[in-house]
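Just below is one structure, and these are the notes that go with it.
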Amino acid sequence: MLILFNNFTNYTETNRSILLFEDNTTVPENGTTSDVPEMHLIAKLSLTAVLGIIILATVVGNVFVIAAILLERNLQTVGNYLVLSLAVADLMVALLVMPMGALYEVNQEWVLGPELCEIWTSGDVLCCTASILHLVAIAMDRYWAVTHVDYVRQRSSQKIGLMIFLVWAVGFLVSFAPLFGWKDEDFLYRIEQEKRCLVSQDAAYQIFATCSTFYVPLIVILILYWRVYQVARKRIRHKPGAKSSSHCVQPIQKQMVHVVCSDNRNSTGSGQVTETTTTTTNGTTASVVGNNPKPKKKVTRENMEAKRERKAAKTLAIITGVFVICWLPFFLTALLMAVCEIEPDPHLFSFFLWLGYANSTLNPIIYTIFSPDFRSAFKRVLCGNKKRGRLR
């Protein structure tokens, strides 16, 4: 019994030393772990710096997108109203959601009370839902532009405005539902006792919210872009001149070239025959024999618009892919937490959440890299009116 008592006493004293050490009131005499509080401070400062950079990059990037659309006339199209509204939603994520989320991550507990927790989670759901649903609206706009020939000319600001209104309306509906009582029973207990701030973990609400915010939009986006790809491939294969006769040689090359083919139906035997030499990708040359080429047609405004539409569709498809990578881990985890009552590792959950936030950071970067129109506009905004004047 004496041995057990001594062991219990030693165990109690050891735990007490550990607890006092965690409170920074006692340091072990041997000093082997005296650097732990300092390392803990360094980790906090590093985390604060990383999250601060993400927030700053998100603000600057989306401000540039908004400024480019508002200042550059060639970007002030009806279709770019959706892009403008998307940038506003992403900017709201950076200004209203990320700062409080960063404070929560650094402190590792919620210290702002239940009221601010409800406001923060509602704002989080609203802004992120709006950002995601804007991608759906943009995908629908591009799909209609590809499948309906006259859609671009008939597209009005009223139609785009209605789409933007519906996006924000759904966002408000999903985000404000917990404020009107759609919460789980442990909502206040988590905040006051566990110091954790989470959106309502009611299983029915989580199914409704995740499906409305992510899973249904993801399915719609994938279907729309698959249809856009099919239509584009069909048009490329059936465009005029795609079916060549035996007199045509169409080598593989890096850039599109004008290929001259002899037309047996219109040939009278009196036309001058020319030979066109084209350099291929492997350095060889290929000759194309035929009648005199007709003068190239002037590039019409419709052709320029179609080219821009294709570039925009490519850019938005890349944005959609990034969106899936950023948000899929978080929404899978959120659904499992509510439905299956699985508690993930807190650090892993935080990583998934900030990976989703990073989608609002990456959108402006993708515009800069893949969209020549936005890239040129960013340069003109940076260089000022003097540069813009020379370009005109």
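The values are calculated or read from the model by the stated rules, or taken from the named source; none is laboratory data. No experiment lies behind these values; they were computed from the predicted model shown. Counting neighbours? That spans all protein chains shown, and the Cβs are built from the backbone with ideal geometry, glycine included.
List of remarks:
- The conditions of being modelled with pLDDT under 50 and either under 30 Å from Asp141 (Cα atoms) or surrounded by 12 or more Cβ atoms within 10 Å (Cβ to Cβ) (or both) are met by Cys248.
- The one condition from (1) more than 30 Å from Ile207 (Cα to Cα); (2) surrounded by fewer than 18 Cβ atoms within 10 Å (Cβ to Cβ); (3) touching a helix residue (DSSP H, G or I) at 6+ places or on another chain (Cβ under 6 Å) that Gly61 does not meet is (2).
- Only one of Leu82, Leu41 that is modelled with pLDDT of 50 or more, in a helix (DSSP H, G or I) and surrounded by fewer than 11 Cβ atoms within 10 Å (Cβ to Cβ): Leu41
- Among the residues of the stretch 107-125, those that are more than 16 Å from the chain's Cα centre (by Cα), at pLDDT 90 or above and aliphatic (A, V, I, L, M) comprise Leu116, Ile119.
- Listing of helices (runs of 4 or more DSSP H) fully contained in the stretch 154-217 that carry 2 or more residues being over 30 Å from Asn107 (Cβ atoms) and of a type outside the set (A, V, I, L, M): 157-176
- Filtering the stretch 95-132 to residues that are part of a helix (DSSP H, G or I) and polar (S, T, N, Q) leaves Asn107, Thr121, Ser122, Thr129, Ser131.
- Only one entry in Ile53, Ile66 is assigned to a helix (DSSP H, G or I) and over 23 Å from Met163 (Cβ atoms), namely Ile53.
- Being of a type outside the set (Asp, Glu), modelled with pLDDT under 85 and surrounded by 14 or more Cβ atoms within 10 Å (Cβ to Cβ) holds for only one residue in Tyr229, Tyr215, Tyr225, and it is Tyr225.
- Cβ pairs under 6 Å, 6+ apart, first in the stretch 77-88 and free of Cβ contacts under 8 Å to residues at least 12 places away in the same chain, second assigned to a helix (DSSP H, G or I): Asn80/Ile69
- Filtering the stretch 328-338 for residues that are at pLDDT below 80 and surrounded by fewer than 16 Cβ atoms within 10 Å (Cβ to Cβ) leaves an empty set.
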